[in-house]
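Written below as structure tokens is the structure these notes are about.
The values are calculated or read from the model by the stated rules, or taken from the named source; none is laboratory data. Since we're looking at a predicted model, the values are computed, not measured. Using ideal geometry, Cβ is built from the backbone for each residue, glycine included, and neighbour counts are taken over all protein chains shown. Only protein heavy atoms, including side chains, enter the accessible area calculation; ligands, DNA and RNA are left aside. Shrake-Rupley method; radii C 1.70, N 1.55, O 1.52, S 1.80 Å.
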Amino acid sequence: MITDPTIIRIGQGVELHHHRGQREAASELFAQIWDDIGGEEGDPLHVCVLAHAMADVQDDVHQELVWDLRALAAVGLVTDERVAQAGVTLSVAGLYPSLHLNVSECYRKLGDLGRAREHLRQARAEIGALGDDEYGLLIKGGLERLTEQLGDAT
């Protein structure tokens, strides 16, 4: 069970966006949290999770990519101990497939298929860290769809 207050607030923003269709409200909440954590200088777990969520509320794919790359950069500074301390049941390794999937999708939208395929390969290389729970199946499904969109050259 998640116990970290900042991760809980981020989760509230995700709920606003994905389950209530309140994208603008989610974006505003994420911006406030970003300020509260000190931006990129904040706790790497907070930076990673928030940037990952913030990418989803961007109108411009270039900005979406900026946020996704921030999340990917921050995850390299996160430890399994820190994740467990926050009450997150996923390991750090379990964060990589989703992060690479999102970066790959941005590059696909931008027409940079080489980078899209590279991040897709990286996501697939880390897929073993995910279980067959709802989250794992969501990410695995996303990888399958992106593989189809990018063709067999992955």
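Give the range 89-99 a look and list any residue that's more than 14 Å from the chain's Cα centre (by Cα) and either aromatic (Phe, Trp, Tyr) or surrounded by 16 or more Cβ atoms within 10 Å (Cβ to Cβ) (or both), or say none.
None - no residue of the range 89-99 is more than 14 Å from the chain's Cα centre (by Cα) and either aromatic (Phe, Trp, Tyr) or surrounded by 16 or more Cβ atoms within 10 Å (Cβ to Cβ) (or both), so the list stays empty.
Tally time: how many residues in the range 5-45 are touching a residue at least 24 places away in the same chain (Cβ under 8 Å) and open to solvent by less than 20 Å² (accessible area, probe 1.4 Å)?
7
If Glu40 satisfies every condition in (1) in contact with a Lys or Arg (Cβ under 8 Å, 6 or more places away or on another chain); (2) within 30 Å of Thr147 (Cβ to Cβ) but one, which is the exception?
(2)
Taking into account only those residues within the range 127-145 that are under 14 Å from the mean Cα position of the chain (by Cα) and open to solvent by 70 Å² or more (accessible area, probe 1.4 Å), which is farthest from Asn102 (Cα to Cα)?
Ranking the qualifying residues of the range 127-145, first place goes to Tyr135.
Tally the residues that are surrounded by fewer than 21 Cβ atoms within 10 Å (Cβ to Cβ) and either of a type in the set (A, V, I, L, M) or assigned to a loop (DSSP other than H, G, I, E, B) (or both), restricting the search to the range 79-88.
Let us first name the residues in the range 79-88 that are surrounded by fewer than 21 Cβ atoms within 10 Å (Cβ to Cβ), namely 79-82, 84-87.
Filter again for either of a type in the set (A, V, I, L, M) or assigned to a loop (DSSP other than H, G, I, E, B) (or both), leaving 79, 84, 86-87.
Qualifying residue count for the region: 4.
Looking only at the range 105-126, count every residue that is part of a helix (DSSP H, G or I) and open to solvent by 60 Å² or more (accessible area, probe 1.4 Å) and tell me the total. Can you show your working first?
So the first thing to find is which residues in the range 105-126 are part of a helix (DSSP H, G or I), and the list is 105-109, 113-125.
Pick out the ones that are also open to solvent by 60 Å² or more (accessible area, probe 1.4 Å) and you get 108-109, 113, 115, 118, 121-122, 124-125.
Residues in the range 105-126 being part of a helix (DSSP H, G or I) and open to solvent by 60 Å² or more (accessible area, probe 1.4 Å): 9 in total.
Starting from the range 91-111, keep only residues that are β-branched (Val, Ile, Thr), then list their pairs with residues that are open to solvent by less than 40 Å² (accessible area, probe 1.4 Å) whose Cβ atoms are within a distance under 8 Å, requiring at least 6 positions of separation or different chains.
That search, which allows pairs on different chains as well, returns Val92/Val75; Val92/Val78; Val92/Val83; Val103/Leu65; Val103/Asp68; Val103/Leu72; Val103/His119.
State all residues of the range 49-77 that are open to solvent by less than 30 Å² (accessible area, probe 1.4 Å) and over 13 Å from Asn102 (Cα atoms); if no residue qualifies, say none.
Scanning the range 49-77 gives Leu50, Ala74, Val75.
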